[in-house]
Every structure is written in structure tokens, then in C-alpha cells.
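What follows is a single structure, written as C-alpha cells, with notes after it.
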Amino acid sequence: MECKTGVVVGSEAPLITIGIPGSFAWKVFHERRPAMIEQVCDAFPLGTGERGRLAALLRETTTGVVQPLDDAAPDHHFWESWTKAWLGRPWSECPFLWAESYFFRRMLAAIGYFGPGPWRGVDPFAPMKTAELHSPATAETLAAFDGLPRLGEADRDAAVVRAAVWGNQADLAFQMSAGPKSATAGLVSGDSDAFWSLFGARPGGPVHLVADNSAGELAADLVLIDHLRTTGRADHVVLHVKPNPYYVSDATHADVLGVLRHLIGLPGEVGMIGRRVWDGLRAGKIEVRAHPFFCAPLDFRAMPDDLCDEFASASVTITKGDLNYRRLAGDRYWPATTPFAEVVAYFPSPVAALRVLKSEVVVGLHEAAVAELDKADAAWRTNGTRALIQAAAPPAS
Ligand SMILES: O=P(O)(O)OC[C@@]1(O)O[C@H](CO)[C@@H](O)[C@@H]1O
């Protein structure tokens with residue numbers, strides 16, 4: 001299918017910005033980001049220079065105007081085009097997706113991630129990712145995969161997708177072992193059948209998986225990748241990760257290697273899965289790619305032609321997590337009943353979103369479901385207790 005990036009859905013909903021006091025996006029900048037910077041400063045013996053630049057970044061992003069990147073890095077030519085419309089404008093006027101993505105890039109500049117000094121290449125989020133990978137909750141989740149061989153084919157399909165959807169959540173072991181009903185308790189849209197229905201329409205092409213977080217979520221993604229290959233849904237899988245640290249727990253290639261080493265050191269099913277993924281990487285049947293666009297402050301409708309061509313060759317593209325959902329659907333105040341297929345009609349392959357809801361964007365819901373959720377839990381869109389599985393194939397060209 002040809003790439004129709006840049007295409008705009010008929011009636012574009014307004015972009016989510018960070019300037020509305022008390023809104024979710026505003027709280028991310030005025031509460032979450034300062035807390036995260038404090039966590040990083042506690043995790044590393046950063047010098048006064050690094051700590052001073054991080055404090056200045058927080059002041060700028062909560063009260064000031066957008067400043068240019070101030071480090072020397074290979075991605076500057078991208079950021080020059082991505083920032084020119086916003087330099088000098090108050091951060092409060094900036095779109096949420098743009099602002100948060102630029103925040104994380106400026107954070108890397110502040111600690112010298114791309115610099116010539118001692119912090120070059122040091123992932124500021126590595127301690128958090130490592131702690132989660134070695135946590136009891138992740139250990140319980142990984143042990144739960146020992147149950148896979150005892151499941152029938154259909155139940156194994158469903159269990160693997162549920163594990164991928166609930167990703168790094170501690171109760172993943174519960175979702176896997178508590179059986180279909182309770183495992184779908186948190187789903188507000190779709191099910192694993194919707195996901196598997198995408199496979200078969202375009203057999204033979206590679207499956208692309210756009211990863212989200214490292215640790216437990218990435219482990220579940222590697223299990224899904226192995227399952228796609230061992231059940232014949234995919235001969236070749238491309239795993240897209242971030243080219244540099246981003247949004248705290250987002251996975252880089254270094255994280256893939258770390259999680260994989262962890263898996264192959266474990267006994268039981270997940271250790272065997274880890275070894276099959278390792279062999280798949282060595283054989284070129286599984287590939288890891290880190291396109292610069294995956295750290296861009298833009299939604300996927302703005303993806304460059306080379307990336308769009310990659311997805312156009314996919315039999316299915318799977319996007320994981322909340323941030324990718326925001327980029328896939330567009331980070332806008334869509335009416336929740338807007339059809340998912342409508343907002344992703346530009347995407348050049350059959351596409352699935354596996355996502356725990358952690359921000360306000362949601363589409364593809366029934367009106368009755370929205371009313372029920374609003375009544376049951378005012379924070380259902382952002383508190384991570386609900387999830388969705390949404391899938392759409394491009395209109396026949
Ligand atoms: O993509 P993920 O890891 O599932 O979630 C990313 C996230 O935690 O960060 C943004 C707000 O800080 C939101 O998109 C979401 O809350």
C-alpha cells in the first residue's frame with residue numbers, strides 16, 4: 001500500500017496542549033517531570049553543572065519559553081526542523097506530544113548524554129529499568145509463562161496477547177493465570193480475537209512490532225515475537241526500539257540485549273523462549289531497528305517516507321503502549337467514539353494497538369461504554385487500570 005503520511009482525517013479534533021492548569025498534560029509537566037528529575041538526581045552522583053541544567057530545564061518548561069538544543073549531537077538536523085515552529089514560544093502553548101518529547105531530548109543534553117564528557121552514553125533511566133527487570137513482580141510475570149505449554153492453541157494465542165497488552169504491570173501473572181473472564185476485566189475495547197484477525201490478510205510479509213517499555217513489557221514482547229514465529233504467523237519480525245533513552249522506560253537496543261540476557265539465564269519456558277529469540281536474531285529472522293523518528297516529537301502521520309515504506313511491506317504492524325497510541329491516533333481530544341479505523345486510515349499496513357490507558361487520548365469506544373466508565377471511575381483514561389486491543393486493516397487501495 002502506498003504511504004499517505006501527512007493525510008489529515010476529515011474533522012481534526014483539537015491538539016492536546018500542556019497549558020491548561022490542572023489538566024493531565026499540565027500535571028505531567030508540573031508534577032511528574034519534576035519528580036522524575038529528582039529520581040534521576042538521586043540515582044546518579046550528577047555534578048553541580050548537570051543538576052543546574054536539569055533545574056533550569058524544569059524552570060523553563062514550567063514557566064518559560066522554548067529554547068534551542070544546546071548540545072552537539074548527530075540528531076541536530078532533525079531537531080532543527082522539529083523545533084523551528086516553537087522556539088521562543090511559551091511552553092504552555094505547545095502540543096503535549098511535542099513538548100514531552102522535546103523535554104526528554106533536552107534532558108539528555110542537560111546531563112551530557114551526547115557530550116564528550118563522562119556522562120556520554122549513560123542512560124539516565126537505566127537504574128529504574130534494571131530495578132523493574134529484577135523486581136519480584138517481573139519474576140512472577142516471567143514464571144507465569146511456564147503455563148503456556150499447558151494451554152490449548154487458542155488459549156495460548158489469547159494468553160500471549162494479554163501478556164503483551166498488560167506488559168509491565170505487576171499483575172500480569174494474574175492476567176495470565178486467572179482465565180479469560182477476569183483477564184479481560186480491564187479491557188475497554190477489543191480482545192485477542194481482534195488482534196489475531198489481522199493475520200492472514202497479507203501472509204508472508206514481515207511483522208513489525210513498535211516497542212514501548214523495557215523490562216517486563218519488553219520480555220512479554222519477546223514472548224509475543226517468539227509466538228508469532230513458532231505459530232507460523234511470521235517468518236521475519238522487525239522490532240523497533242528507541243535510538244536513545246526516552247520517556248523513562250522506553251526500550252533501546254541496549255535494553256533488548258539486557259532483557260534477552262536476563263531471559264536466557266532463567267529456567268523453564270521463558271528461558272527457552274529467550275534462547276529461540278537469541279537464535280532468531282543471529283539468523284536475521286528477528287531484527288532490531290532504531291529509526292530516529294521513534295524519538296521525534298510528532299505523530300506517525302508525519303513519519304518519513306523510508307519508515308513508511310518499511311511499514312508498507314509489513315503483513316501486520318503492532319504498536320505497543322500509550323505513547324505509541326498517542327502517536328498512531330494523533331494526540332488530540334478525539335471524541336472517544338471516533339472509529340479507530342478512521343484515525344489510522346493513513347497507516348500503510350494492517351495495524352494493531354496494544355495499550356494500557358495512561359493518557360487522555362482514546363478512540364473506538366461505544367457510547368454506552370464511555371458513559372459507564374465515566375460513571376465508574378473519573379480517571380479511567382489515565383490511571384492505567386484499563387487497556388485496549390484495537391486493530392484495523394487499510395482500505396483496499
Ligand atoms: O508509552 P507508555 O510507557 O505506555 O506511557 C507513556 C506515559 O507514561 O507517558 C506519557 C505521560 O508522561 C503518557 O503517554 C503516558 O502516561
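The values are calculated or read from the model by the stated rules, or taken from the named source; none is laboratory data. Being a predicted model, the structure only gives us computed values, none of them experimental. Because the Cβ atoms are built from the backbone with ideal geometry, glycine has one as well, and the counts that use them run over all protein chains shown. Surface areas here come from the heavy atoms of the whole protein model, side chains and all, with no ligands, DNA or RNA. Shrake-Rupley method; radii C 1.70, N 1.55, O 1.52, S 1.80 Å.
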Next on the checklist: Pairs please, first residue from the stretch 261-282 and in the same structural domain as VAL223 (by TED's automatic domain parsing), second anywhere and open to solvent by less than 90 Å² (accessible area, probe 1.4 Å) and of a type in the set (Asp, Glu), Cβ atoms under 6 Å, 6+ apart in sequence or on different chains.
Outcome noted: GLY268/ASP146; GLU269/ASP146; ILE273/ASP226; ARG276/ASP226; VAL277/ASP226
Next on the checklist: Restricting to the stretch 276-294, give me the number of residues that are part of a strand (DSSP E or B) and of a type outside the set (Lys, Arg).
Outcome noted: 3
Item to check | Positions within the stretch 295-305 being away from the ligand (no atom under 14 Å from the Cβ), under 19 Å from PHE103 (Cβ atoms) and either part of a helix (DSSP H, G or I) or at pLDDT below 95 (or both), in sequence order | outcome: ALA302
Next on the checklist: Return the residues of the stretch 60-83 that are touching a residue at least 40 places away in the same chain (Cβ under 8 Å) and aromatic (Phe, Trp, Tyr); say none if nothing qualifies.
Outcome noted: PHE78, TRP82
Next on the checklist: Can you find a residue that is open to solvent by 30 Å² or more (accessible area, probe 1.4 Å) and at pLDDT below 95 anywhere in the stretch 48-69?
Outcome noted: no
Item to check | Within the stretch 324-381, tally of residues that are open to solvent by 10 Å² or more (accessible area, probe 1.4 Å), under 14 Å from the mean Cα position of the chain (by Cα) and away from the ligand (no atom under 11 Å from the Cβ) | outcome: 0
Checklist entry - Between a first residue in the stretch 362-386 that is in contact (Cβ under 8 Å) with a residue 40 or more places away in the chain and a second residue that is open to solvent by 60 Å² or more (accessible area, probe 1.4 Å) and assigned to a helix (DSSP H, G or I), which pairs have beta carbons less than 8 Å apart while being 6 or more apart in sequence or on different chains? => result TRP380/ASP374
Checklist outcome for this item: Residue hits (the stretch 203-255; open to solvent by 10 Å² or more (accessible area, probe 1.4 Å), in a loop (DSSP other than H, G, I, E, B), away from the ligand (no atom under 13 Å from the Cβ) and touching a residue at least 12 places away in the same chain (Cβ under 8 Å)) are PRO203, GLY204, GLY205, PRO206, THR231, ARG233, ASP235, HIS236, PRO243, ASN244
Checklist outcome for this item: Scanning the stretch 269-293 for residues that are small (Gly, Ala, Ser) and open to solvent by 70 Å² or more (accessible area, probe 1.4 Å) gives ALA283
Next on the checklist: Consider the stretch 84-99. How many of its residues are touching a residue at least 60 places away in the same chain (Cβ under 8 Å) and surrounded by 18 or more Cβ atoms within 10 Å (Cβ to Cβ)?
Outcome noted: 8
Checklist entry - Quick one: would you say VAL160 is crowded, with 23+ Cβ neighbours inside 10 Å and either of a type in the set (Ser, Thr, Tyr) or at pLDDT 95 or above (or both)? => result yes
Checklist entry - How many residues are within 12 Å of the ligand (Cβ to nearest atom) and without any contact (Cβ under 8 Å) to a residue 24 or more places away in the chain when one looks only at the stretch 24-59? => result 5
